[in-house]
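The values are calculated or read from the model by the stated rules, or taken from the named source; none is laboratory data. Keep in mind the model is a prediction, meaning the values are calculated, not measured. Glycine also receives a Cβ, built like all others from the backbone with ideal geometry; neighbour counts cover every protein chain displayed. In case anyone asks, the SASA skips ligands and DNA or RNA and just uses the protein heavy atoms, side chains included. Shrake-Rupley method; radii C 1.70, N 1.55, O 1.52, S 1.80 Å.
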Amino acid sequence: MTDSPSHGAARARGGRYGQDLFEPEHPQEAERIDAGALVYDPFTTRRLQALGAGRGWRCLEVGAGTGTVARWLLEEAGAEEVVALDRDTGALTALAGPRLRVVAADLTDESLRPGRFDLIHARFVLMHLPERRRLISRLAGWLNPGGWLVLGDAVELPDLLDTSSAYRRTMDAMWQALRTTIGTDTSSVSAYPHFLRAEGLQNVAAELFCPPLVAGSPLARFWSETWSRMRPALEATGRVDTDVVEEALVYLSSSRLAELGPGMAMAWGQRS
Ligand SMILES: C[S@@+](CC[C@H](N)C(=O)[O-])C[C@H]1O[C@@H](n2cnc3c(N)ncnc32)[C@H](O)[C@@H]1O
């Protein structure tokens with residue numbers, strides 16, 4: 001179960017989420033994560049609800065971000081205990097309480113033993129970690145009998161007829177820059193159901209959401225903030241220059257915007 005050579009290359013350069021991109025101390029980082037959370041929380045919570053998340057459950061929210069899902073599990077679903085784990089817990093500490101434990105830890109730390117859970121959920125986390133395949137094994141190993149592992153990560157169905165628009169070139173530059181800087185890779189997201197099955201999980205299934213990309217919406221703001229923050233890395237790919245990124249940003253906030261934007265695939269499986 002090895003990581004691909006490109007993952008190894010990213011790691012060799014030492015690039016990590018939160019260090020080389022998306023530093024938590026950036027004044028807009030919590031806002032950027034929240035813009036994404038606002039869009040995806042309804043899909044995520046609907047699926048967690050359908051899987052039965054609720055009373056009596058011990059839940060692990062991996063890479064909890066600003067804690068919107070952890071809070072939902074606690075307050076809406078009525079979980080018995082929620083562990084919100086992140087390498088940066090700045091936005092989570094205020095949520096800590098008797099039933100919500102905040103753990104500052106790096107998921108890739110092999111000595112990490114957070115306990116056993118009825119639900120483990122990770123959204124937009126594994127795609128950024130080159131060790132994702134190994135991490136899926138470890139997460140599956142932390143499930144109680146009957147427990148669910150639920151993984152959500154980004155996918156894109158690009159318009160293959162468009163190879164030259166500023167939007168397309170900037171989006172492609174973003175995926176390339178994420179890959180070379182911190183090892184982000186979404187190419188195996190469609191394989192998550194197979195990975196979950198390979199871990200011996202049952203009742204495996206998956207679904208896909210591509211929320212509408214509308215100018216002025218939280219999702220358009222999320223991409224706009226992401227591209228603005230990544231400008232030097234985008235230009236370093238050689239795919240775009242300042243003018244192209246600027247044109248793409250203007251397009252994102254204009255009424256001309258007409259794209260099937262990136263979405264999220266969720267895959268889940270249950271320990272027997
Ligand atoms: C894109 S954000 C997603 C946040 C949240 N899951 C959501 O969907 O709103 C990725 C989160 O994973 C955390 N993260 C990244 N690498 C991590 C690691 N190695 N260990 C623990 N958390 C990590 C980041 O600090 C950040 O909060």
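Observations on the structure shown:
- For residue 23: the one exception among (1) more than 18 Å from residue 231 (Cβ to Cβ); (2) in contact with a helix residue (DSSP H, G or I) (Cβ under 9 Å, 6 or more places away or on another chain); (3) without any contact (Cβ under 8 Å) to a residue 60 or more places away in the chain; (4) open to solvent by 50 Å² or more (accessible area, probe 1.4 Å): (1)
- Residues satisfying the stated conditions in the range 143-168, i.e. of a type in the set (D, E, K, R) and in a strand (DSSP E or B): 153
- For the range 103-128, residues that are open to solvent by less than 50 Å² (accessible area, probe 1.4 Å) and away from the ligand (no atom under 12 Å from the Cβ) total 5.
- Count of residues meeting criterion [near the ligand (Cβ under 9 Å from one of its atoms) and either under 24 Å from residue 205 (Cα atoms) or of a type in the set (D, E, K, R) (or both)] in the range 71-91: 3
- Count of the range 81-98 residues which are open to solvent by less than 50 Å² (accessible area, probe 1.4 Å), farther than 16 Å from residue 117 by Cα and touching a strand residue (DSSP E or B) at 6+ places or on another chain (Cβ under 6 Å): 2
- For the range 129-138, taking the residues that are within 12 Å of the ligand (Cβ to nearest atom) and not charged (D, E, K, R), the one that is most open to solvent (accessible area, probe 1.4 Å) is identified as 129.
- Hey, residue 190 away from the ligand (no atom under 16 Å from the Cβ), out of contact with any Gly (no Cβ under 9 Å at 6 or more places or on another chain), outside any helix (DSSP H, G or I) and not charged (D, E, K, R) or not: no
Residue-by-condition table, conditions (1) in a helix (DSSP H, G or I); (2) surrounded by 14 or more Cβ atoms within 10 Å (Cβ to Cβ); (3) near the ligand (Cβ under 9 Å from one of its atoms); (4) modelled with pLDDT under 80:
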residue: 7; (1), (2), (3), (4): yes, yes, no, yes
residue: 15; (1), (2), (3), (4): no, yes, no, no
residue: 27; (1), (2), (3), (4): no, no, no, yes
residue: 35; (1), (2), (3), (4): yes, yes, no, no
residue: 39; (1), (2), (3), (4): yes, yes, no, no
residue: 42; (1), (2), (3), (4): yes, no, no, no
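- Residue match in the range 232-254 (condition: under 17 Å from the mean Cα position of the chain (by Cα), small (Gly, Ala, Ser) and open to solvent by less than 50 Å² (accessible area, probe 1.4 Å)): no
- The range 144-182 - residue that is among the small types (Gly, Ala, Ser) and within 30 Å of residue 118 (Cβ to Cβ) and, of those, surrounded by the most Cβ atoms within 10 Å (Cβ to Cβ): 152
- Matching entry among 51, 74 (being touching a Cys at 6+ places or on another chain (Cβ under 9 Å), surrounded by fewer than 22 Cβ atoms within 10 Å (Cβ to Cβ) and over 17 Å from residue 263 (Cβ atoms)): 74
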